[in-house]
Amino acid sequence: MGLRHPNPKLAKIHRSYSVEEIARVFKVHKNTVRNWFEQGMEPIDGQRPAVVRGHEIRRFLDERRARAKRPSGAGRIYCLPCRAPKVPAGNMAECLAAGDTTATLQGICPDCNRMIYRKVNPQKLSAVCGDLDVTVTQARPRIEETTKPNVKCDSTGDGHP
Ligand SMILES: [Zn+2]
């Protein structure tokens, strides 16, 4: 998948790290470290600039690695412009249910910031979503009849404008 998975054990549990230090220890760009915050790595409360406990870095990287290993693309939505399955920004997605058997999972591509869509079966939502934070929105039938929702639900998966 081309994702890099830094070794969590490079972080010493009882140390705290600034963004610069994390970037140096894991040999990643500072922007990558900032992405980690967006993906759920928690800095120590009230510290500016941000400081992260080694323990938290390990937890975050371990979880991230486990997620990447998950088969069948759970928690990922394919981004057409990027030509790759992506974990939506913030690990968040919205599920627009259009009936008992059809729903559209939508999120934002973390790399190109476009909306990305995946057609899902609501019954299998938990398997498809992995550990994404999913907000389920029930589409109201009346609205659906009059105006097409601005997401395409065709089976080609072509959800991009
Ligand atoms: Zn993209």
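Treating only the Cβ atoms of Lys and Arg (+1) and Asp and Glu (-1) as charged, compute the dipole magnitude of the range 73-146 about its Cα centre; round to the nearest 20 debye. Write down the numbers at each step before the final one.
Working: 9 positive and 7 negative charges, 48 e Å.
Using Cβ point charges on Lys, Arg, Asp and Glu, the range 73-146 gives about 220 debye.
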| field | q = 0.11, 0.27 Å⁻¹: log10 I(q)/I(0) that the Debye formula gives for the range 73-146, counting C-alpha atoms only | value | -0.26, -1.19
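When only DSSP loop residues count, what chymotrypsin sites (Phe, Trp or Tyr not before Pro) in the range 22-56 have their Cβ near at most 15 other Cβ atoms within 10 Å? Intermediate results must be reported in sequence, preceding the final value.
Numbers: sites: F26, W36, F37; in loops: none.
Passing sites in the range 22-56 do not exist.
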| How large is the charge dipole for the range 13-69, taken about the Cα centre, if only the Cβ atoms of Lys, Arg (+1) and Asp, Glu (-1) carry charge, to the nearest 20 debye? | 260 debye
| field | Amide hydrogen neighbours beyond the local backbone of R53, cut-off 5 Å, H modeled | value | Y17, I44
| In the range 30-109, what trypsin sites (Lys or Arg not before Pro) fall in a loop by DSSP, with at most 10 other Cβ atoms inside 10 Å? | R83
| Expressed in nm², what is the orientationally averaged projection area of the convex hull enclosing the Cα positions of the range 1-112? | 8.4 nm²
| request: In whole Hz, with x marking every Gly and Pro, tabulate ³J(HN,Hα) for the range 126-134 from phi via Karplus 6.51 cos²θ - 1.76 cosθ + 1.60, θ = phi - 60°. | output: 5, 6, 6, 7, x, 10, 5, 7, 10
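None of the figures in this text is laboratory data; all of them are computed from the coordinates on show. Remember, it's a predicted structure, so these values are computed and weren't measured experimentally. Virtual Cβ from ideal backbone geometry, glycine too; neighbours counted across all protein chains shown.
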